[in-house]
Amino acid sequence: AIASGNYSTAYGANARSTGYGMTSIGVAAGYGTTGAFNTSLGIDSGQHTRGDFNTINGAFAGSYTQGSYNNMIGNFAGRGLVGSENNIMGSDAGKNMLGDQNVAIGDDAGRDRSGSNNINLGTGAGAGNTGHNTIAIGGSASTGSASNATALGAGTSATHAASTAIGTGAATTQ
């Protein structure tokens, strides 16, 4: 473990805390990371992260992330994230996400999605979606590429701009 930044802590084989006020705990946690006030807990968490004030907890969580003020909790949560002020919780939640001020809670919630100001709650909610200002609540709820859309319920699909679909399996039509 190497803690070379001022007020930094590193614990675990190959763990690194090279920025100001960083904490890296776990095998290779924080390795290759730049920035300040980042906290990485878990094997390979926070590796090669660029940004400040990120909180990362889980194996491989937050690795290869670019952005600041993100919270990522869960194995692989936020891995490959590009954006700031995102709150992500769940295994693979927010993985490869591109955007700012998103919420993704649930396994695979918000995975591979782009866009900003979105709320994705439930397993797979919002996964692969590309719109802005959307709400997807329920397992596999989707807003597709629509912006300003709301999908409430498992398997619900609101894929047209400013549309709302409510109820299990409900969908909007053109």
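The values are calculated or read from the model by the stated rules, or taken from the named source; none is laboratory data. Here the structure is a predicted model, which is why all the values come from computation and not from measurement. Using ideal geometry, Cβ is built from the backbone for each residue, glycine included, and neighbour counts are taken over all protein chains shown. Remember, those area values only see protein heavy atoms, side chains included, never the ligands or the DNA or RNA. Shrake-Rupley method; radii C 1.70, N 1.55, O 1.52, S 1.80 Å.
Evaluate the stretch 82-92: report whether one residue or more is part of a loop (DSSP other than H, G, I, E, B), among the hydrophobic types (A, V, I, L, M, F, W, C) and open to solvent by less than 10 Å² (accessible area, probe 1.4 Å). There is no residue in the stretch 82-92 that is part of a loop (DSSP other than H, G, I, E, B), among the hydrophobic types (A, V, I, L, M, F, W, C) and open to solvent by less than 10 Å² (accessible area, probe 1.4 Å). For the stretch 144-163, the candidate set comprises residues that are in contact with a strand residue (DSSP E or B) (Cβ under 6 Å, 6 or more places away or on another chain) and among the aliphatic types (A, V, I, L, M); within that set, the residue that is farthest from Gly128 (Cα to Cα) is Leu152.
For the stretch 7-25, how many residues meet the condition of being surrounded by 24 or more Cβ atoms within 10 Å (Cβ to Cβ) and not in a strand (DSSP E or B)? It would help to see each step written out before you state the result.
Looking only at the stretch 7-25, we keep the residues that are surrounded by 24 or more Cβ atoms within 10 Å (Cβ to Cβ), and these are 15-17, 22, 24.
Imposing the further condition that a residue be not in a strand (DSSP E or B) reduces the set to 15, 22.
Selection size over the stretch 7-25: 2.
Look through the stretch 45-65, keep the residues that are in a loop (DSSP other than H, G, I, E, B), open to solvent by less than 30 Å² (accessible area, probe 1.4 Å) and not polar (S, T, N, Q), and return whichever of them is farthest from Glu85 (Cα to Cα). Residue satisfying both the conditions and the ranking: Ala59.
If only one of Tyr31, Tyr69 is within 21 Å of Gly110 (Cβ to Cβ), in a loop (DSSP other than H, G, I, E, B) and open to solvent by 20 Å² or more (accessible area, probe 1.4 Å), which one is it? First the steps, then the outcome.
On the way: Tyr31 fails: within 21 Å of Gly110 (Cβ to Cβ).
Of Tyr31, Tyr69, the one residue that is within 21 Å of Gly110 (Cβ to Cβ), in a loop (DSSP other than H, G, I, E, B) and open to solvent by 20 Å² or more (accessible area, probe 1.4 Å) is Tyr69.
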